[in-house]
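First up is the structure itself, then whatever we jot down about it.
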Amino acid sequence: MQDHTDFYAAGSWQPSQSGTTVEVVNPYTEQVLGTAPEADAKDVDAAVAAAREAFDDTGWADSPDERADCLDRFADVLDRRTDEITRLISSEMGMPVSLCRQANVQYATSMIRYYAGLARDSRDPEHRERLFGPGSVAVHHRPYGVAALLAPWNYPLVLTANKLAPALASGCTAVVKPAPETSLSGLLLGELADEAGLPPGTVNIVTGGGTTGELLVRHQDVDTVAFTGSTATGRRIGAICGESLTPCSLELGGKSAAIVLPDADLDEVVAALAFLSFGNAGQTCFGMSRILVHRSRYAELVDRMAALADGQTLGDPLDEATTVGPVVSARQRDSIEGMLSRAVTDGARVVAGGGRPGTQHRGYFVAPTVLADIDNSWEIAQQEVFGPVVALIPCAGEAEAVALANDSAYGLAGSVWTRDPGRGARIAERVHTGTFGINGYLPDFGAPFGGVKASGFGRDYGLEAMDAYRYAKTVFHPAAQEHTAHTSTDTKETRS
Ligand code: NAD
């Protein structure tokens, strides 16, 4: 049992004032793994004040090399402690260690090093010729200040790192609020920040649920908010930030479609969908939960997806052989089961899974499930399930497939499967999503990732992620001062 009574602020562990805690339950053993403070207004105040002081008083915003070095050291610590972090996250939320090691820890370290590189190689400011009048302009990028970073539980470390790294690289300081389900690994970040020698106050961590998160989002000393989570919570945070005019980036849910055309290589399709539909027990925001299949290949793909689902190895997330672990909580399992039963009432044909697997006698498992003959208007095709469930929808051709893919409130991801690259590229342009794959799908840290429509706005990854943490500031240089201004900036750039 890990029982935490402290939160992390100003580089030290501080006792929570709240007197209440959140429980972290291991979804495989169904036992309590530990507790963490449910931070109240005083705790949140202390964490934000620490971030404020570190931003206002330490020169952090103007030290890109120091920030880059800190990020590199942070990545080194993650590398050193990979196994411990992997096992903790797998125990908290059920992701099999084989996936967790790569998708949480290794991806996080690579990403942190990528943003260290961007901070180090920054060419700020950029000088431009004026379009009108004499002189020139310099476009600087300045950090907003204190960033509130709110993460979900489904890939807890990498979805925290994808905010923390660009926030720090941009010159912000941060207050992180992990999801309650993964509070223990969230707090471990404080220990890692200490070990990496991050300056006090640059990273602060408060634990708790929605109430704590909302205290943080509403805090008057928070200058920018970056959130990944459900669309319902995102709408609420967007409304709060709209009122206070706090910039925010919202990475929300999805209901992504894989379009399978008559000339698709079904071996490739099925190999990719093993992860894209069932990986992390289907709890992946960009997961392909709708498969739109041309009628000529429909029966064949239904059979192959059923075999894929039945062939998964369910079991202990800490076992290297496990491919599908339990879902995160009893509540999540109940929600998935409710959607499955309503899908059957609507007319779904269950060709694999359909409920709790007979092979597992404990843990919040849902068997990998394939539902055939789905109509795109049904709940199972319109709402995010966030479980190991795919809906197969037959369609007549390219135009209908594109129309069905776009007939969704969401717009996060999608893919097309065809041997004709030109056709694939054409379809990629017509599906209204923030990301799309042709004969494969995997986000890349160097390229923006995010959604449109109910999947939110703002971008993680790539240089674009830094837009959530810094703003463009234009400084006008009249012709007479131009030379001096350029010279002094060049000197600073040479130093950094
Ligand atoms: P959630 O919305 O319940 O919670 C996300 C975070 O917000 C948690 O830290 C939670 O404590 C906090 N929170 C809840 N209510 C809040 C409030 N009123 N104010 C401030 N913070 C609040 O989501 P979840 O269940 O943790 O995560 C699953 C969801 O995340 C799914 O919908 C999934 O699609 C989405 N997701 C999106 C992406 C993406 O990049 N687009 C990535 C991963 C997950």
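A few notes on this one:
- The lone exception for SER289 - which of (1) over 24 Å from the mean Cα position of the chain (by Cα); (2) hydroxyl-bearing (Ser, Thr, Tyr); (3) crowded, with 23+ Cβ neighbours inside 10 Å it fails: (1)
- With respect to the stated conditions, VAL175 fails to be in contact with a Lys or Arg (Cβ under 6 Å, 6 or more places away or on another chain) and either under 19 Å from MET95 (Cα atoms) or within 14 Å of the ligand (Cβ to nearest atom) (or both).
- Flag if ASP460 is within 15 Å of the ligand (Cβ to nearest atom), outside the structural domain of VAL302 (by TED's automatic domain parsing) and touching a Ser or Thr at 6+ places or on another chain (Cβ under 9 Å): yes
- Conditions (1) among the hydrophobic types (A, V, I, L, M, F, W, C); (2) touching a residue at least 60 places away in the same chain (Cβ under 8 Å); (3) surrounded by fewer than 24 Cβ atoms within 10 Å (Cβ to Cβ); (4) under 27 Å from ASP407 (Cα atoms); number of the one not met by ALA239: (2)
- Where GLY242 falls short, out of the listed (1) in the same structural domain as PRO388 (by TED's automatic domain parsing); (2) over 16 Å from THR323 (Cβ atoms): (1)
- Close pairs (7 angstrom Cβ cut-off, 6 or more residues apart or separate chains): without any contact (Cβ under 8 Å) to a residue 12 or more places away in the chain and not assigned by TED's automatic domain parsing to the domain that holds LEU71 in region 109-121, buried (at least 19 other Cβ atoms within 10 Å of the Cβ) and part of a helix (DSSP H, G or I) anywhere: none
- Verdict on ARG236 being within 16 Å of the ligand (Cβ to nearest atom), touching a helix residue (DSSP H, G or I) at 6+ places or on another chain (Cβ under 7 Å) and charged (D, E, K, R): no
- Residues in region 355-370 that are among the basic types (Lys, Arg) and over 12 Å from GLY315 (Cβ atoms): ARG356 alone.
- Qualifying residue in region 254-268 (condition: within 30 Å of LEU168 (Cα to Cα), within 11 Å of the ligand (Cβ to nearest atom) and either among the polar types (S, T, N, Q) or crowded, with 24+ Cβ neighbours inside 10 Å (or both)): yes
- Positions within region 299-327 being surrounded by 19 or more Cβ atoms within 10 Å (Cβ to Cβ) and farther than 15 Å from GLN360 by Cα, in sequence order: LEU301, VAL302, MET305, ALA306, LEU308, ALA309
- One residue stands out among those in region 54-111 that are on the phi < 0 side of the Ramachandran plot and in a loop (DSSP other than H, G, I, E, B): the one that is nearest to the chain's Cα centre (by Cα), which is MET95.
- From the options ALA161, ALA169, residue that is away from the ligand (no atom under 16 Å from the Cβ), part of a helix (DSSP H, G or I) and touching a residue at least 40 places away in the same chain (Cβ under 8 Å): ALA169
The values are calculated or read from the model by the stated rules, or taken from the named source; none is laboratory data. On a predicted model such as this, the values are computed, not experimentally measured, just so you know. Glycine gets a Cβ as well: all are built from the backbone with ideal geometry, and neighbour counts include every protein chain shown.
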